[in-house]
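The values are calculated or read from the model by the stated rules, or taken from the named source; none is laboratory data. Since we're looking at a predicted model, the values are computed, not measured. When we count neighbours, we look across all protein chains shown, and the Cβ atoms used for this are built from the backbone with ideal geometry, even at glycine.
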Amino acid sequence: MNISVAGENSLILYLADNADSKVAAQIQSVTALITESLGPMLIDIIPSYASILIIYDPHLTDHFAVSKEIQKAMTIHANSRGRSASKVDSKLVKLPVYYGTDAGPDLENLASNARLSVEEVINIHQSIEYRVYAIGFAPGFAYLGEVDERIAAPRLSTPRQRVPRGAVAIADRQTAVYPSISPGGWNLIGLCPTLMFDPNAKPTMPVKTGDRVQFESIDEQAFIKLGGDLSSFGDLK
């Protein structure tokens with residue numbers, strides 16, 4: 001653990017060098033504990049892969065007091081032996097995915113490189129309960145890990161200029177759903193009809209850091225019934 005000054009009214013807590021499911025669970029627990037401890041003194045708290053950024057109100061507290069509260073949160077977490085000591089829960093979110101070559105232009109190539117069938121890649125991808133490591137790049141873009149090493153794939157050598165909203169993708173040992181149309185260099189294997197970011201909804205995103213995500217295969221008819229659209233993928237073949 002390392003606590004560093006990040007700004008005039010912010011500290012950053014580093015918990016590990018690399019992210020994994022254990023670190024993600026620790027970050028979720030400690031984030032909740034710090035939030036509960038600081039209460040109205042807290043302006044914002046931003047968990048990431050292996051760190052937590054704490055932004056506080058300088059009129060109500062200071063670096064030293066916040067640092068003590070962070071250390072207390074770490075002690076409580078350690079004494080809980082990994083069990084969350086807060087009231088915040090980690091929910092399981094199931095996301096429907098229409099897998100297939102018409103929905104995922106990189107699926108066949110990924111399967112071929114992995115020496116697996118397309119069906120095997122799909123079964124492996126949807127068999128795992130992923131953890132939300134961080135949310136970034138774009139609002140609602142949740143980095144999920146870890147992908148089974150059998151279907152892990154490097155980023156594309158040339159990123160696409162346009163990836164449609166809902167594209168389900170793999171890069172290295174992470175997977176994600178593109179929340180909006182954007183450039184992207186991940187391997188596209190399917191489409192998800194669920195909105196990953198809706199500014200008019202409460203909450204605006206279906207997942208938060210620390211949540212668990214599992215994908216469920218659906219057919220084209222179910223995908224369209226849930227609001228999915230295949231036409232946006234026509235120029236990505």
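Taking region 43-68 as the range and being hydroxyl-bearing (Ser, Thr, Tyr) and assigned to a strand (DSSP E or B) as the test, the residues that pass are SER51, TYR56.
In this entry, ILE3 passes the filter for residues that are closer than 16 Å to THR75 by Cβ, surrounded by fewer than 19 Cβ atoms within 10 Å (Cβ to Cβ), touching a residue at least 12 places away in the same chain (Cβ under 8 Å) and of a type in the set (Val, Ile, Thr). Can you find even one residue in region 173-184 that is aromatic (Phe, Trp, Tyr), surrounded by 17 or more Cβ atoms within 10 Å (Cβ to Cβ) and under 15 Å from LEU144 (Cα atoms)? Yes; the residues of region 173-184 include at least one that is aromatic (Phe, Trp, Tyr), surrounded by 17 or more Cβ atoms within 10 Å (Cβ to Cβ) and under 15 Å from LEU144 (Cα atoms). The residues in region 203-219 that are aliphatic (A, V, I, L, M), within 24 Å of TYR49 (Cβ to Cβ) and in a loop (DSSP other than H, G, I, E, B) can be counted, and the count is 2. Please work out if ASP62 is outside the structural domain of GLU216 (by TED's automatic domain parsing) and within 22 Å of ALA134 (Cβ to Cβ). For ASP62, the condition - outside the structural domain of GLU216 (by TED's automatic domain parsing) and within 22 Å of ALA134 (Cβ to Cβ) - is not met. Inside region 129-147, residues that are surrounded by 15 or more Cβ atoms within 10 Å (Cβ to Cβ), assigned to a loop (DSSP other than H, G, I, E, B) and charged (D, E, K, R) make up a count of 1. Residues in region 119-128 include none that are in a loop (DSSP other than H, G, I, E, B) and not hydrophobic (A, V, I, L, M, F, W, C). Listed by first and then second residue, the pairs linking a residue in region 13-26 that is closer than 9 Å to TYR49 by Cα and not assigned by TED's automatic domain parsing to the domain that holds TYR143 to a residue that is outside any helix (DSSP H, G or I) and basic (Lys, Arg), with Cβ atoms under 8 Å apart and 6 or more places separating them unless they lie on different chains, are ALA24/ARG131.
Scanning region 173-197 for residues that are aliphatic (A, V, I, L, M), over 24 Å from LYS22 (Cβ atoms) and outside any loop (DSSP other than H, G, I, E, B) yields LEU188, ILE189, LEU191. As a summary of the residue check, ASN200 satisfies the conditions (1) part of a loop (DSSP other than H, G, I, E, B); (2) touching a Gly at 6+ places or on another chain (Cβ under 9 Å) except for the one numbered (2). Residues of region 27-49 that are touching a residue at least 24 places away in the same chain (Cβ under 8 Å), under 17 Å from SER90 (Cα atoms) and of a type outside the set (Ser, Thr, Tyr): ILE27, GLN28, VAL30, ALA32, LEU33, ILE34, GLU36, PRO47.
Residues checked against (1) at pLDDT below 90; (2) surrounded by 17 or more Cβ atoms within 10 Å (Cβ to Cβ); (3) closer than 15 Å to SER67 by Cβ:
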site: LEU13; (1), (2), (3): no, yes, yes
site: SER29; (1), (2), (3): yes, yes, no
site: ILE34; (1), (2), (3): no, yes, yes
site: PRO40; (1), (2), (3): no, no, no
